Amino acid sequence: MMSLLGSGLVLTGQIFIVTLLGSLPLGVLIALGRMSKFKPLAWLMRAYISFMRGTPLMLQLMALMFGPYYLFGMQLGSDWKFWACDIGFILNYAAYFAEIYRSGIQSIPRGQYEAAEVLGYTKAQTFMRIVLPQVIKRILPAMGNEVITLVKDTSLAFVLGVMEMFTQAKAIAASQVSMLPYIIAAGIYWGFTILVEFILARIEKKLNYYHD
Amino acid sequence: MTSENALLSLQHARKSFGETQVLKDISLTVNQGEVLAIIGPSGGGKSTLLRCCTLLETLDGGELSFGDCVVTVDQGGQAIYQGKDALRRARTHFGLVFQNFNLFPHYTVMKNLTDAPVTVQKMPKAEAEAKARKLLARMGLEGKENMVPCELSGGQQQRVAIARALMLDPDVLFFDEPTSALDPELTKGVLKVIRDLAEEHMTMVIVTHEMKFARDVADHVIFMDGGVIVEQGPAADVIDNPQHDRTRAFLLSEE
Ligand SMILES: Nc1ncnc2c1ncn2[C@@H]1O[C@H](COP(=O)(O)OP(=O)(O)O)[C@@H](O)[C@H]1O
Ligand SMILES: [Mg+2]
């Protein structure tokens with residue numbers, strides 16, 4: 001039983017990490033698009049964020065899983081479910097992260113941009129060197145919330161038949177007619193979350209060398 | 001006063017925010033080594049004038065240039081801005097010190113000074129750090145290299161901001177009320193640094209409420225009110241012997 005749960009945990013961890021690696025940078029781009037002076041892009045990003053936050057992640061995952069076949073008749077291999085899962089999580093979480101980035105970016109005082117402009121920084125340099133590092137410190141608590149939610153949201157991958165930890169626990173529970181796998185899985189999720197909390201606290205402490 | 005080799009030349013500058021005309025036909029020139037002080041009541045357009053000169057606001061009309069680097073030309077009363085490259089070049093001619101410092105809070109003092117030279121001007125890091133150390137010593141900030149701005153007093157932060165601006169060797173250094181956010185004790189240290197710069201013939205344009213300081217340090221004083229230059233002349237003349245009622249009233253209120 002533990003080895004099955006363990007292999008599930010590996011998949012859970014994979015979904016978690018791939019989602020963060022994809023959605024953290026993608027969220028920045030969406031936030032920038034959302035704040036763009038080019039109105040069509042801003043509206044498009046706004047609609048995207050609204051849709052991603054306004055429909056269940058489970059439905060989004062299923063749409064990615066089955067959409068290509070039903071809409072376009074595409075025959076995708078059995079590996080497709082892993083792709084659908086990662087892409088679905090990344091697209092969904094990037095929308096949440098984008099709104100957090102936006103609130104952080106808008107909280108940076110204008111004087112910071114003006115000082116950078118007078119010193120000759122380009123817009124891109126100003127954003128990467130001056131604005132983004134300060135934004136990260138400000139949004140860390142809000143990001144932490146989302147990241148911890150993601151730990152448990154990975155269980156939604158069960159709708160695609162991806163054998164992550166929750167799917168494994170469900171299968172074992174059914175075959176053994178026992179609650180125990182669920183209890184162990186719950187403990188592992190909690191442990192995972194505590195680890196994430198610990199890492200977040202470390203980052204927060206590291207960024208505490210200044211306040212503004 | 002209009003001379004060919006003026007470091008800063010602004011002619012017939014106009015600027016409105018919506019319906020409010022904030023700058024009405026302002027002209028000034030600053031030559032190498034000159035210190036110009038701009039005084040006047042709050043809301044008179046002093047900050048807007050500096051912000052237009054430092055390209056943080058755009059002029060509606062008028063001509064602005066730094067030496068032979070032209071920023072705007074006037075066409076039928078409209079200020080026509082030159083291309084991006086010209087503006088980037090113009091920015092290398094001046095520095096600006098803000099009322100509230102605007103240091104980068106996440107950078108150490110050293111990094112606040114070296115980041116722009118290294119990133120923007122591609123100065124070698126070691127060279128930038130050596131230069132920064134010299135400037136910090138001049139500002140009385142030895143040993144503060146590794147502190148972050150929030151660990152410094154307001155006066156120290158403002159001196160770091162002045163050093164940061166000097167790192168890029170500006171031809172003209174603008175100050176917008178550099179001591180207004182400081183209490184009197186901290187003001188002294190900042191004013192001393194600016195006095196030292198004046199003695200070294202740094203070209204400066206300083207908006208200030210410190211009348212005694214303006215009288216001592218500036219060569220030329222402009223009194224601005226309601227978007228116009230009401231009175232200007234040698235510092236001692238304007239401050240000790242004002243000709244206009246509005247200047248007199250303002251100077252009395254500042255005592
Ligand atoms: N960005 C802005 N938008 C609208 N009005 C502005 C803006 N900046 C300044 N003003 C107005 O312009 C006038 C001059 O302001 P300012 O240049 O800050 O004067 P000073 O620095 O002499 O106190 C004020 O009436 C002010 O309200
Ligand atoms: Mg002002």
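The values are calculated or read from the model by the stated rules, or taken from the named source; none is laboratory data. Owing to the predicted nature of the structure, the values given are computational and were not obtained by experimental measurement. Heads up, the Cβs are rebuilt from the backbone with ideal geometry, glycines too, and the neighbour counts pull from every protein chain shown. Calculation scope for accessible area: heavy atoms of the full protein, side chains included, ligands and nucleic acids excluded. Shrake-Rupley method; radii C 1.70, N 1.55, O 1.52, S 1.80 Å.
Which angle between 0 and 90 degrees, to the nearest 10, do you get for helix A:57-72 versus the longest principal axis of chain A when only C-alpha atoms count?
Tilt relative to chain A: about 80 degrees.
If you take every residue apart from residue A:93 with its C-beta less than 10 Å away from the C-beta of residue A:93, what net charge results, scoring Lys and Arg +1 and Asp and Glu -1?
-2
Rank-order B:32-45, A:128-141, A:66-79, A:169-182 by packing density, defined as the average count of other C-beta atoms within 10 Å over each peptide's residues, highest first.
By packing density, highest mean first, the sequence is B:32-45, A:128-141, A:169-182, A:66-79.
Is the shape of chain B rounded, prolate or oblate, going by the alpha carbon gyration tensor and its root eigenvalues a ≥ b ≥ c, with a/c under 1.5 for rounded and a/b larger than b/c for prolate?
Oblate is the answer for chain B, as a/c is 1.5 or above yet b/c matches or exceeds a/b.
Work out the FRET efficiency for residue B:121 and residue B:27 from their Cβ-Cβ distance, taking R0 = 45 Å, and round it to the nearest 0.05.
0.90
Exceeding 23 Å between C-alpha atoms, which entries from my cross-link table qualify? They are B:24/B:188; B:144/B:192; B:84/B:125.
B:24/B:188; B:84/B:125
Once both axes come from the Cα atoms, what is the angle between helix A:132-153 and the longest principal axis of chain A, in degrees from 0 to 90, rounded to 10?
Around 10 degrees separate the two axes.
Within the accessible area of chain B, what % is carbon and sulfur when the probe is 1.4 Å and the other protein chains stay in place?
Solvent-exposed carbon and sulfur of chain B make up 48 percent of the total.
Sum up the charges of everything whose Cβ sits under 14 Å from the Cβ of residue B:217, counting Lys and Arg as +1 and Asp and Glu as -1, but leave residue B:217 out.
Net charge in that neighbourhood comes out at -2.
Can you list the residues in segment B:118-136 whose accessible area drops by at least 20 Å² when all protein chains are present, compared with the chain alone? Use a 1.4 Å probe, heavy atoms only.
Hits at the 20 Å² cut-off: B:119, B:120.
Near the amide H of residue B:8, under 5 Å away, which other amide H atoms are found, from residues 5 or more places off or on another chain, if H is placed in the peptide plane?
B:30, B:67
To the nearest Å, what is the center-to-center distance of segment B:45-77 and segment A:1-58, using C-alpha atoms only?
45 Å
Over segment B:103-169, what relative contact order in percent results from Cα pairs under 8 Å that are six or more residues apart?
That works out to 49 percent.
Using alpha carbons only, how many angstrom separate the centre of segment A:94-163 from the centre of segment B:114-164?
With segment A:94-163 and segment B:114-164 each reduced to a Cα centre, they are spaced 29 Å.
As an exercise, use a Förster radius of 45 Å and the Cβ-Cβ distance of residue B:80 and residue A:83 to find the FRET efficiency, rounded to the nearest 0.05.
0.25
What are the residues whose amide H is under 5 Å from the amide H of residue B:79, where those residues sit 5 or more places off or on another chain and H is modelled from the backbone?
B:61, B:62
Label chain A by shape, choosing from rounded, prolate and oblate, from the square roots a ≥ b ≥ c of the eigenvalues of the Cα gyration tensor; if a/c is under 1.5 it is rounded, and otherwise prolate applies when a/b is larger than b/c, oblate when it is not.
Note, shape of chain A comes out oblate.
Summing -39500 (n - 2.57) over the DSSP H runs of n ≥ 4 in chain B and dividing by its residue number, what mean residue ellipticity at 222 nm do you reach, to the nearest 500 deg cm²/dmol?
So the helix-based figure for chain B works out to -11000 deg cm²/dmol.
Roughly how many Å² is the accessible area per residue of segment A:2-209, as a whole number, for a 1.4 Å probe?
Computed with neighbouring chains in place, this is 54 Å² per residue.
Compute the FRET efficiency between residue B:185 and residue A:194 as 1/(1 + (r/R0)^6), taking r as their Cβ-Cβ distance and R0 = 35 Å, and round to the nearest 0.05.
0.10
Tally Lys and Arg at +1 and Asp and Glu at -1 over the other residues with C-beta under 13 Å from the C-beta of residue B:30: what net charge comes out?
-3
Once you place label points 7 Å from the Cα toward the Cβ at residue B:249 and residue A:177, how far apart are they in nm?
9.8 nm
Contact order normalised by length for chain A, with contacts defined as Cα pairs under 8 Å and 6 or more residues apart; what percent is it?
The normalised contact order for chain A reaches 29 percent.
If the chain between residue B:73 and residue B:192 were fully stretched, how many nm would it gain, using 0.36 nm times the residue separation less the Cα-Cα distance?
Full-extension gain reported as 39.1 nm.
Which residues belonging to segment B:29-64 lose at least 30 Å² of 1.4 Å-probe accessible area when the assembly is complete, relative to their chain isolated?
At a threshold of 30 Å² (probe 1.4 Å), the residues of segment B:29-64 that become less exposed are B:51, B:56.
Could you work out the relative contact order of segment B:46-125? I mean the mean sequence separation of Cα pairs under 8 Å and 6+ apart, divided by the number of residues, in percent.
After rounding, I find 18 percent.
With solvent modelled as a 1.4 Å probe, how much accessible area in total do chains A and B shield from it at their shared surface, in Å² to the nearest 100?
2100 Å²
Compute the long axis of helix A:80-106 from its Cα atoms, compare it with the longest principal axis of the Cα atoms of chain A, and write down the angle in degrees, 0 to 90, nearest 10.
The answer is roughly 30 degrees.
Once you sort the root eigenvalues of the Cα gyration tensor of segment B:106-155 as a ≥ b ≥ c, which label holds: rounded (a/c under 1.5), prolate (a/b larger than b/c) or oblate (the other case)?
It comes out oblate by the Cα gyration axes.
Expected output is a single nm value to one decimal: the length gained when fully extending between residue B:100 and residue B:212, i.e. 0.36 nm times separation in residues minus the C-alpha distance. What is it?
Value of the extension gain: 38.1 nm.
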